1. Filter the stretch 6-24 down to the residues that are within 17 Å of P46 (Cβ to Cβ) and touching a Ser or Thr at 6+ places or on another chain (Cβ under 7 Å) and list them by number.
2. From the list I25, I90, I50, I44, which residue is in the same structural domain as D120 (by TED's automatic domain parsing) and of a type in the set (A, V, I, L, M)?
3. Any residue that is charged (D, E, K, R), surrounded by 12 or more Cβ atoms within 10 Å (Cβ to Cβ) and closer than 30 Å to K199 by Cα - is there at least one of those in the stretch 40-62?
4. Given the criterion among the basic types (K, R) and either more than 18 Å from I128 (Cβ to Cβ) or assigned to a loop (DSSP other than H, G, I, E, B) (or both), identify the matching residue among R235, R204.
5. Return yes or no: is G117 small (G, A, S), surrounded by 15 or more Cβ atoms within 10 Å (Cβ to Cβ) and touching a Leu at 6+ places or on another chain (Cβ under 6 Å)?
6. Is it the case that Q48 is assigned to a loop (DSSP other than H, G, I, E, B), of a type outside the set (G, A, S) and under 30 Å from P230 (Cα atoms)?
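The values are calculated or read from the model by the stated rules, or taken from the named source; none is laboratory data. Quantities reported herein were computed from a predicted structural model and do not represent experimental measurements. No Cβ is skipped: glycine too gets one built from the backbone with ideal geometry, and neighbour counts run over all protein chains shown.
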Amino acid sequence: MEKIRLSKLMSEQGLCSRREADKYIERGWVFVDGECVSELGTKIFPTQKIKLNKAAQTQQQSLVTLLLHKPVGYVSSQPEPGYQPAVNLIKPDTQFIDERSPQRFSPSNLRHLAPAGRLDIDSQGLLIMTQDGRIARQLIGADSKIEKEYLVRVKGTLPKEKLVLLNHGLSLDGKALKPAKVNWQNQDQLRFILREGKKRQIRRMCELVDLQVTGLKRVRIGKVKLGNLPEGMWRFLRKDETF
């Protein structure tokens, strides 16, 4: 059996992100088989038991995850010329006050806050932003199986055989897409449920079956729904919510 870098193993086991793992190791917060490991680059066997001390656990509990209803015209992460990043909407006066979530905005909430997944500049809906590497990996890790649901307004006709193709049978960038769930929500709106997130995937899928997308809104990620969160506002992920 081959040894693996401790930080990589911690990430794979969902304990934290690799960046967080290195920070915890440097601080002496990581124990392997009961012994403190504080040297970066340490390798261990996958069968060895990794545990975080209380200081690391407390820090993890303080990390926040936010739900934002991103409007059209904002970019998910890196700013583009003439456009604002969605994180600019995370401020006190755009917080949606939910009686089930008493937590209030603090400037510390913005530290290392990053989007867990993308939502195109011309799309709106649910965007998750988090400080927690565990959440990010759960949502966008290579092995993620989290469903994402979209309501998509379209123009054009869609014969039954092309609807079948949208569900399974299309390829993008030379690679077959994973099976999706696509059905009519009403006469001009489709509902897509995907388990992957290629760049502009839904728009490109629709182009392949001669449909034009006129509006796209993400309404659910895993078990977390956009619900009644107003456009341009955000709230904290509640303790009773999981993806």
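1. Of everything in the stretch 6-24, those that are within 17 Å of P46 (Cβ to Cβ) and touching a Ser or Thr at 6+ places or on another chain (Cβ under 7 Å) turn out to be L6, S11, R18, A21.
2. Sole residue among the options that is in the same structural domain as D120 (by TED's automatic domain parsing) and of a type in the set (A, V, I, L, M): I90.
3. No, the stretch 40-62 contains no residue that is charged (D, E, K, R), surrounded by 12 or more Cβ atoms within 10 Å (Cβ to Cβ) and closer than 30 Å to K199 by Cα.
4. R204
5. For G117, the condition - small (G, A, S), surrounded by 15 or more Cβ atoms within 10 Å (Cβ to Cβ) and touching a Leu at 6+ places or on another chain (Cβ under 6 Å) - is met.
6. When the stated conditions are applied, Q48 does not pass them.
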